[in-house]
1. Is at least one residue of the range 260-271 small (Gly, Ala, Ser) and out of contact with any Gly (no Cβ under 9 Å at 6 or more places or on another chain)?
2. If SER71 passes every condition in (1) among the small types (Gly, Ala, Ser); (2) modelled with pLDDT of 90 or more; (3) farther than 27 Å from ALA252 by Cβ but one, which one does it miss?
3. Of the residues in the range 246-270, how many are in contact with a Lys or Arg (Cβ under 6 Å, 6 or more places away or on another chain) and without any contact (Cβ under 8 Å) to a residue 12 or more places away in the chain?
4. May I ask you to verify whether ALA309 is of a type in the set (A, V, I, L, M, F, W, C) and without any contact (Cβ under 8 Å) to a residue 12 or more places away in the chain?
5. Just to be sure before I move on: is LEU133 touching a Gly at 6+ places or on another chain (Cβ under 8 Å) and of a type outside the set (Asp, Glu) in the structure I sent?
6. Right, ASP296: in a helix (DSSP H, G or I) and either farther than 18 Å from ARG89 by Cβ or among the hydrophobic types (A, V, I, L, M, F, W, C) (or both) or not?
7. Go over the candidates ALA56, ALA139, ALA49, ALA101 one by one and state the one that is under 14 Å from the mean Cα position of the chain (by Cα) and not hydroxyl-bearing (Ser, Thr, Tyr).
8. Restricting to the range 166-185, count the residues that are out of contact with any Gly (no Cβ under 7 Å at 6 or more places or on another chain), within 19 Å of GLN33 (Cβ to Cβ) and crowded, with 19+ Cβ neighbours inside 10 Å.
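The values are calculated or read from the model by the stated rules, or taken from the named source; none is laboratory data. As the structure is a computational prediction, the values presented were derived from the model and not from experiment. Here the Cβ is made from the backbone with ideal geometry for all residues, glycine too, and neighbour counts use every protein chain on show.
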Amino acid sequence: MMGRLACGFDLLLWGSGDVSLEDLPPHGSETWQWFISSNPKAMRAPLVADPKTEAAFRMLRCREDDVFVCSYPRCGLSWAHALSWHLLRSNESGQLPFRDATSVVGGKGPVYHDQPPTKWTHRDVSAQARPRLLSGHCAVGRLPPSFLQSKARLVIIDRDPRDVVVSTFFRLKRLGQKFRALECHDARLKELADACEALTLERCYDDFDSQKTSLALGMDDEAHYETRKRSATEDVSELDYGDYYEWHAQYAALSAQLGERVLWLHYEDLSTDPHGVCERVHAFLMNKPATSGKIDAAVRFASFDETAARGDDALRKGVVGDHKIYLSREHWDAVAHQTCRRLGAYDAMRFQVARLVQDVPSALKRVPKSKRKAVKALSAQTRRAPSDSWDLPAPGSTRASSSWFKR
C-alpha cells in the first residue's frame, strides 16, 4: 500500500487516487531524501523529484524496441504519450486487451522518470510489456547512457514557446494549491506552495529564459542585445531540465545525430490534424500503415476529454494561440527574437521558428544567414487558423488586466 504522502502525490499528479488519504497512516519521513524546489523557475527543473528514482532511470538498460517520448514541460507530453501508448498496446482494429487502461502502467498518463514513487514506480515502468514506453521531460544529458548505444526510438514534441509560458504559469498556480494541501508533511512544500501562489505571469515570463531576456532586445542592433546570466547561487537542482531554448537545442542536435531513430512532432499539428499525426506516429513505431479503425481509436483515446476523464491532471485547455490574450505584443515579440536567435540554427526547430517569423518578420534577422531562406520559405507556406494569428484577435478575447498578472 502507498504511504500517506505517496498517495498525496498520486492525487497531486493525477487529480484522483485509488485510496483515501484519511485511510492511511502518516509517514512524514518519506520526503527527507526528495528534492523539493523553493523556486518554481517556470518549471525549468522538477518541482518535486526523487533522486533515487532518477538514478534508477539512468541505469536503465535500453532494449532495441524501447520507445522514449520526450517534451519540455507544458509542450504536449500527455498528448504524445497517450497516442503512442494506445498505438503500441492496441490491436489492428484499435481495441485494447484490457477494460480499464488506468490499471496498466502508462494508461493514465506518463510515469515520470524523476517523480517520487506513487501508484506506479520505476520498477513498474521497467517491467512493462514490450515494447516499453518511457515518457518524461529529462534533458539529453539525463537520458540513460545505454540509449545511444541501442536502437531505441525517440518521439519528441515541441510547442510555440509563447503558449508554453502561459500554460506553465497556470499549471504552477494550480500546483501551488495542491502543494498547500500537503505542506504539513514537509516545510519545504509550504515554501514551494507560497512561491507558486505568489507567482505572477510576468515573473514566470522572466523565469522562462535562463538568460533573462530583456524587453529592450535591441531589435535593430545586435550590439544592444542584453542578457543576464543565471546566478551561480541560484537554487538549481542537478535534475535541471534547462530552459526551453537549452532543452530544444540539445534535442535538436541529438535528432540530427540519430536520424531515422527520431520522430519530431509539433503540438500545433496535433491540434489541427490529429489523425495525420497519429498515422505518422504509427508508421514510425510499427513500420507499416495503420487501419482507419486503429487510428480513430488512438485519436479518441488521446483526446482532451478522454485523457482528462482518465485522471491526467496536467491538462489545461489544449489550444493553440492562447498567449495572445495575456501580457503585451512586445513581450511575445521578444520571445520570437530570442527563439530565432537561440534555435534558428537547428533544422528540427524550423517549424516553430517559421511560425514565429510569420508573426514577427523582424525576427528573421536573428536566424543564421545560412538558414534564413529555408525559414522564410516555410513561413510563407505555413497556414494558420485566424485565432492563431496576430492579424485577428481570438474570438471573444480581451487583454487580461487582472492584478494577478501584474508584477
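1. Within the range 260-271, none of the residues are small (Gly, Ala, Ser) and out of contact with any Gly (no Cβ under 9 Å at 6 or more places or on another chain).
2. Here SER71 clears every test but (3).
3. Summing the residues that are in contact with a Lys or Arg (Cβ under 6 Å, 6 or more places away or on another chain) and without any contact (Cβ under 8 Å) to a residue 12 or more places away in the chain in the range 246-270 gives 0.
4. Details: of a type in the set (A, V, I, L, M, F, W, C): yes; without any contact (Cβ under 8 Å) to a residue 12 or more places away in the chain: yes.
It is true that ALA309 is of a type in the set (A, V, I, L, M, F, W, C) and without any contact (Cβ under 8 Å) to a residue 12 or more places away in the chain.
5. Answer is yes for this residue.
6. It is false that ASP296 is in a helix (DSSP H, G or I) and either farther than 18 Å from ARG89 by Cβ or among the hydrophobic types (A, V, I, L, M, F, W, C) (or both).
7. Answer to the check: ALA139.
8. Step one: filter the range 166-185 for residues out of contact with any Gly (no Cβ under 7 Å at 6 or more places or on another chain), giving 166-181, 183-184.
Now drop any that are not within 19 Å of GLN33 (Cβ to Cβ), which leaves 179, 183-184.
Now restrict to residues that are crowded, with 19+ Cβ neighbours inside 10 Å: 179.
Count: 1.
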